1. Per-residue accessible area for residue 155 at 1.4 Å probe radius, Å² rounded to 10?
2. What part of the accessible area of the chain, given as a whole %, is carbon or sulfur when the probe is 1.4 angstrom?
3. If I ignore ligands, DNA and RNA and count only protein heavy atoms, how much of residue 73 is accessible to a 1.4 Å probe, in Å² to the nearest 10?
4. Which entries in 103/139; 37/74; 74/100; 37/127; 90/114; 74/103 show an alpha-carbon gap greater than 21 Å?
5. For residue 103, what accessible area in Å² do you get when you roll a 1.4 Å probe over the heavy atoms of the protein chains, rounding to the nearest 10?
6. Under the Kirkwood approximation for Rh and a Cα-based Rg, what ratio Rg/Rh is obtained for the chain?
7. Under a no-solvent Debye model with one identical scatterer per Cα of the stretch 59-146, what's log10 I(q)/I(0) at q = 0.15, 0.16, 0.26 Å⁻¹?
8. Got a sec? What order do 101, 79, 137, 13 fall in by accessible area at 1.4 Å, biggest, i.e. largest, first?
Amino acid sequence: MARNELARHKKSDAVKWVVTLLVGLALIGAVVGLSVKLNRQTTTTTIGGEAYSIGTLTDTGEYAEGNTSIYLRKAITTDGLKVVPQKDAKIEYRLFFYDKDGKFLAATETSSAKFDGDIPDGAETVKIMITPTADEDGKVSLVEVLGYANQLTVTVNK
């Protein structure tokens with residue numbers, strides 16, 4: 001009789017462990033699913049410094065070689081565009097607006113203030129050119145790109 005009780009006790013322990021494992025896996029799945037869902041609800045994205053390269057944009061919005069500025073390599077959407085310089089930023093910037101086909105429409109004047117969102121009609125995308133105002137040698141080096149880009153916070157809707 002004692003042997004039967006021991007066998008039933010071992011069997012019930014195994015069942016408990018299997019149930020515990022299944023509950024744990026379900027809990028992990030729920031947490032992962034919730035985090036993915038919440039991440040999809042994020043409505044804005046911030047453009048990082050890695051999106052910039054050394055160069056300039058002309059008054060017609062075309063790329064030109066130069067080492068006095070950095071520019072956003074790929075145009076980003078104008079939907080929800082916000083541009084905010086840091087408090088003590090040592091940069092100025094210009095925005096270059098393009099239509100849905102990539103045709104240049106207009107550019108803003110050089111600014112060091114927050115962009116108010118006055119986007120030209122038909123503008124779908126924008127590129128940004130950042131020019132340092134207090135660069136020691138007047139030339140932007142590769143190691144300075146992130147520093148200058150991080151002085152300007154650019155956000156758009158996803």
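The values are calculated or read from the model by the stated rules, or taken from the named source; none is laboratory data. Keep in mind that this is a model prediction, so the values were computed, not measured. Glycine also receives a Cβ, built like all others from the backbone with ideal geometry; neighbour counts cover every protein chain displayed. These accessible areas exclude ligands, DNA and RNA; they are computed on the full protein's heavy atoms, side chains included. Shrake-Rupley method; radii C 1.70, N 1.55, O 1.52, S 1.80 Å.
1. Surface accessible to solvent at residue 155 totals approximately 30 Å².
2. Values: 5920 of 10750 Å².
Of the solvent-accessible surface of the chain, carbon and sulfur hold 55 percent.
3. Accessible area of residue 73: about 100 Å².
4. On the way: 103/139 29 Å; 37/74 28 Å; 74/100 13 Å; 37/127 31 Å; 90/114 14 Å; 74/103 14 Å.
Violating the 21 Å limit, Cα to Cα: 103/139; 37/74; 37/127.
5. Probe radius 1.4 Å; accessible area of residue 103 about 140 Å².
6. Details: Rg = 27.2 Å, Rh = 19.1 Å.
Result for the chain is an Rg/Rh of 1.42.
7. -0.57, -0.65, -1.42
8. Working: 101 130, 79 80, 137 100, 13 55 Å².
Ranking 101, 79, 137, 13 by accessible area, largest first, yields 101, 137, 79, 13.
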